[in-house]
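Below is one structure, written out as structure tokens, with a few remarks after it.
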Amino acid sequence: MKARKFFFKFIILAAIAAAVFVCGWVSLFIDTETRAVMTTKLGGTSKNIVYGNAFHWSYHHLIPKNTKLTPFSLKDTTITSSIKGKLPSADIYSSQLPLNPVFDYNFNVKVSYSVSDQQLLSLYTENKVLSQGDLESYLKNKTDVIVQSLAEILFADSGNLFCGSYEFSQEQIKSLVEKNKAALSDVELKAVTIQIITVPDIQLYNEGKKLYENYISYCDEQLKESSKLYAKDFIAQDKAIERLAHFAELMDNHPHLAELAKNGQISAIIESLSSMR
């Protein structure tokens, strides 16, 4: 009889222990392909990320409605965007070439990011990212920021451009990160894939650029020559004005010369000036 009571108590205790174990087994409540940020009413945001594919137990989860698990995908987040535009000064360089070629480009871009546990906790505690949807929107905004630098790096490797799929090398990814340190400081850029729809003729673009630069150089030379001629004319005019002013001063100081000038007696004026010397 005592054995039955002991066995019965043992079963009850085992059931309670099992229930406590299961209730505190936090990772049991999220998908195996996700990780979660755990926040509690008593302890705030946990410093440890909960993984659905790993064991995680917490006494906070024993208290009803005390914990909140915010799930995030374990996979890298891929953002799709597009780049449309013209090469710098495209219209100006195009005007230097026959038929005015168009230097437009049109790409579809896929950028993959990974976010470490520490980065995710920082974004969550700073209220920048509070859900998987928020994370995707946050990364979409970063992609919009870096697309211009992405195009610049792509055109720097213009010899390999073609319509089709193009994947950034590790060196190009490093260059992209370097150009956008501020935007990419709290995430990690993993991969960049570009589907090129429209690509401009870079060689023709460079020819138009060279022609325009030569034209500007020619205009500068012409402007310098014109400035020299203008300066000479200005000096000559200035000297003539100075002589006229001096002549007028003589007329004021010597009224009899003014009378001779009115009568057109230039030779008499010259004789008078010679006698003054």
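The values are calculated or read from the model by the stated rules, or taken from the named source; none is laboratory data. Fair warning: this is a prediction, and the values are worked out from it, not measured in the lab. Every residue, glycine as well, gets a Cβ built from its backbone with ideal geometry; the counts of neighbours run over all protein chains shown. Please note that ligands, DNA and RNA were not included when accessible areas were found on the heavy atoms of the full protein model with its side chains. Shrake-Rupley method; radii C 1.70, N 1.55, O 1.52, S 1.80 Å.
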Net charge of neighbours whose Cβ lies under 11 Å from the Cβ of Val192, counting Lys and Arg as +1 and Asp and Glu as -1: +1
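Given a 1.4 Å probe, how much area per residue of the range 109-221 is accessible, in Å²?
Computed with neighbouring chains in place, this is 54 Å² per residue.
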Under 13 Å, Cβ to Cβ, from Phe103 - net charge with Lys/Arg +1 and Asp/Glu -1: -1
Principal semi-axes in Å for the range 36-107 [√(5λ), Cα gyration tensor, largest first]: 58, 12, 8
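What's the FRET efficiency of Lys41 with Gln148 using the Cβ-Cβ distance as r and R₀ = 41 Å, to the nearest 0.05?
The computed FRET efficiency comes out at 0.40.
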